[in-house]
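Visitor: After the structure tokens below, expect a handful of questions from me.
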Protein chains: 4
Amino acid sequence: MHGYTADKDAFLKRLRRIEGQVRGLQRMVENDEYCIDVLTQISAATKALQAVSLGLLDEHLKHCVAQAVAEGGDVAEEKLAEATAAITRLVRS
Amino acid sequence: MHGYTADKDAFLKRLRRIEGQVRGLQRMVENDEYCIDVLTQISAATKALQAVSLGLLDEHLKHCVAQAVAEGGDVAEEKLAEATAAITRLVRS
Amino acid sequence: MHGYTADKDAFLKRLRRIEGQVRGLQRMVENDEYCIDVLTQISAATKALQAVSLGLLDEHLKHCVAQAVAEGGDVAEEKLAEATAAITRLVRS
Amino acid sequence: MHGYTADKDAFLKRLRRIEGQVRGLQRMVENDEYCIDVLTQISAATKALQAVSLGLLDEHLKHCVAQAVAEGGDVAEEKLAEATAAITRLVRS
């Protein structure tokens, strides 16, 4: 049971669509499509993955982190540090 | 015949690996794995897609753009403007 | 009194260093230094600004958001939504 | 004499405006302004720096790289590899 559990089906749907985008990229390369067109489609897939990350992070803050903070103590600090580390990875990827 | 044609198999292999990563993400969500672990794996997939983009762009500059520039004229200008637009999308995605 | 108040001097010091980097960029352009060298220094300034953002966000989560969450209610929800919006802007900039 | 020489004044003007933005950030921190507002202004400065990078890179491709490619040989290859490395740094910063 995690932050995203309530929206699990929506997240799975988005990830399946991204899988389809990545398969589409393979077809484009197989068919020797124009580099710039492939790049445009990769940007679309990257943005879609990033949007999933932001959605998961939002749920994580609202549920897991908020709950830990409400309980307080070491777990709260740990969760907050962990969230910051995840945000840092997200910003730098 | 495009910039990436010579490395087509290598690019396809990388895209198939990324497809596997996106399927792995679906399994993680299905199994209710911890949000932060899902986020870490999304960052890995995003970075892999970005690396494919940078690889394609490198080939595009070395082949399509370099050839257009060597020929000169309007096509050269067009290809350079198109490359800059693709780089801008890449930086902002 | 905000999340970063305790580290205010450290944040100011980092921002003054970034101001110096931006003035250094102006000198490089005035002296017609090589484009690639200017780009390298802009990347350094951009990363430094990003690090300040991540630092401020960390303090914001640990203080402002954590306090609102501990109090609960609408303010908590508002603060969480606001933090997510800021993270989204940060990831996309 | 570099790619950006013709637009030198415009680039300097943009960098001076960014310097002003960074000084504005210092005032915001000194006045204990709200974290989220500071973050919003940092995003604006980061985007402005990124736009300068993209502008310089565009000029670099159109002038330095295009000229090297027109001349051909090792210098052309070197300039292309150098441009790709700069784009990579830009994408990852």
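The values are calculated or read from the model by the stated rules, or taken from the named source; none is laboratory data. Only a predicted model underlies this, so the values are computations on that prediction, with no experimental measurement involved. Ideal geometry is used to build each Cβ from the backbone, glycine not excepted, and the neighbour counts take in all protein chains shown. Calculation scope for accessible area: heavy atoms of the full protein, side chains included, ligands and nucleic acids excluded. Shrake-Rupley method; radii C 1.70, N 1.55, O 1.52, S 1.80 Å.
Visitor: Let me spell it out: the conditions are (1) in a helix (DSSP H, G or I); (2) more than 18 Å from the chain's Cα centre (by Cα), and D:Ala86 meets all of them except one. Which number is the exception?
Guide: (2)
Visitor: Quick check on this structure: which one of C:Ile42, C:Ile18 is more than 18 Å from D:Asn31 (Cα to Cα), modelled with pLDDT of 95 or more, within 13 Å of the chain's Cα centre (by Cα) and among the aliphatic types (A, V, I, L, M)? So that I can check it myself, show each step before the final result.
Guide: Numbers: C:Ile42 fails: within 13 Å of the chain's Cα centre (by Cα).
Result: C:Ile18 is the single residue among C:Ile42, C:Ile18 that is more than 18 Å from D:Asn31 (Cα to Cα), modelled with pLDDT of 95 or more, within 13 Å of the chain's Cα centre (by Cα) and among the aliphatic types (A, V, I, L, M).
Visitor: Here is a follow-up. So which residues in region A:68-82 are without any contact (Cβ under 8 Å) to a residue 12 or more places away in the chain and either of a type outside the set (A, V, I, L, M, F, W, C) or closer than 19 Å to C:Gly55 by Cβ (or both), if there are any at all?
Guide: Those that are without any contact (Cβ under 8 Å) to a residue 12 or more places away in the chain and either of a type outside the set (A, V, I, L, M, F, W, C) or closer than 19 Å to C:Gly55 by Cβ (or both): A:Glu71, A:Gly72, A:Gly73, A:Asp74, A:Glu77, A:Glu78, A:Ala81, A:Glu82.
Visitor: Might you let me know whether region C:20-27 holds any residue that is touching a helix residue (DSSP H, G or I) at 6+ places or on another chain (Cβ under 8 Å) and open to solvent by 40 Å² or more (accessible area, probe 1.4 Å)? Spell out how you get there, then give the answer.
Guide: Step one: filter region C:20-27 for residues touching a helix residue (DSSP H, G or I) at 6+ places or on another chain (Cβ under 8 Å), giving C:21-26.
Next, only the ones that are open to solvent by 40 Å² or more (accessible area, probe 1.4 Å) stay: C:21, C:23.
So far as region C:20-27 goes, yes, one or more of its residues are touching a helix residue (DSSP H, G or I) at 6+ places or on another chain (Cβ under 8 Å) and open to solvent by 40 Å² or more (accessible area, probe 1.4 Å).
Visitor: Can you tell me which residues in region C:1-41 are touching a Gly at 6+ places or on another chain (Cβ under 8 Å) and within 15 Å of D:Ser53 (Cβ to Cβ)?
Guide: Result: C:Cys35, C:Gln41.
Visitor: List every residue pair whose Cβ atoms lie under 8 Å apart, where the two residues are 6 or more positions apart in sequence or sit on different chains, the first residue falls within region A:48-67 and is within 11 Å of C:Thr84 (Cα to Cα) and surrounded by 20 or more Cβ atoms within 10 Å (Cβ to Cβ), and the second residue, located anywhere, is aromatic (Phe, Trp, Tyr) and modelled with pLDDT of 95 or more.
Guide: A:Leu56/A:Phe11
Visitor: I'm trying to understand the selection: among the residues of region C:77-92, which are within 14 Å of A:Ala66 (Cα to Cα) and open to solvent by less than 10 Å² (accessible area, probe 1.4 Å)?
Guide: Within region C:77-92, just C:Ala83 meets the criteria.
Visitor: Now a separate question. D:His2 is checked against (1) closer than 18 Å to C:Ser43 by Cβ; (2) open to solvent by 20 Å² or more (accessible area, probe 1.4 Å); (3) more than 7 Å from chain C (Cβ to nearest Cβ) and fails just one. What number does that condition carry?
Guide: (3) is the only condition that D:His2 fails.
Visitor: Out of the residues in region C:9-37 that are within 15 Å of D:Glu19 (Cβ to Cβ) and of a type in the set (A, V, I, L, M), which is farthest from the other protein chains (Cβ to nearest Cβ)?
Guide: C:Met28
Visitor: Considering region A:45-71 alone, what residues qualify as being more than 7 Å from every other protein chain (Cβ to nearest Cβ) and over 14 Å from the mean Cα position of the chain (by Cα)?
Guide: Passing the criteria: A:His63, A:Val65, A:Gln67, A:Ala68, A:Glu71.
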